[in-house]
Amino acid sequence: YGDAAKSLLMLPKEYFGTFDLVLVDLSETIMSNTVTKGLDIMGALSLLLKPDGIFVKNEMYFEHLSEIFQHTLQVHYYDVPLVCSQVMILGSNSIDFLNVDLTDHDVPTMLDPIGEVDHNFQVVHD
């Protein structure tokens, strides 16, 4: 506890491959640690996911996550009350974040309702 690399080794084996979602918010220092020889924190945390699970990490880790997951997406938030910009990276081995049918779940939002989105990439840019 207090050292993510050591804590991961303490998790029961039954936990691995059972998570729908893994959210990671670790410091740069911890992210550079290894859990075992050849397995870093990100790789170890990704093993917690079900085959169709989603991994979410804040900050700029797109390149690293794209080496671990088959599908990776970076979301950049504008107008967030922060000193600097905020980025979120999503990774999955089975969910293709960019090529899915849009579904209106009838949830009120402050942004453009999904019904007004004509295509998947309307709000995407580089």
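Computed values, structure above
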| quantity | calculated |
| --- | --- |
| Dmax and Rg, reported as Rg then Dmax, of segment 4-98 (C-alpha, Å) | 13.6, 41 |
| Estimated FRET transfer efficiency (Q70, S7; beta-carbon r; R0 35 Å; 0.05) | 0.85 |
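Only the coordinates and a few stated rules stand behind these numbers; no lab work does. As the structure is a prediction and not an experimental result, all values here were calculated from the model. Every residue, glycine among them, receives a Cβ derived from its backbone with ideal geometry; neighbour counts consider all protein chains shown.
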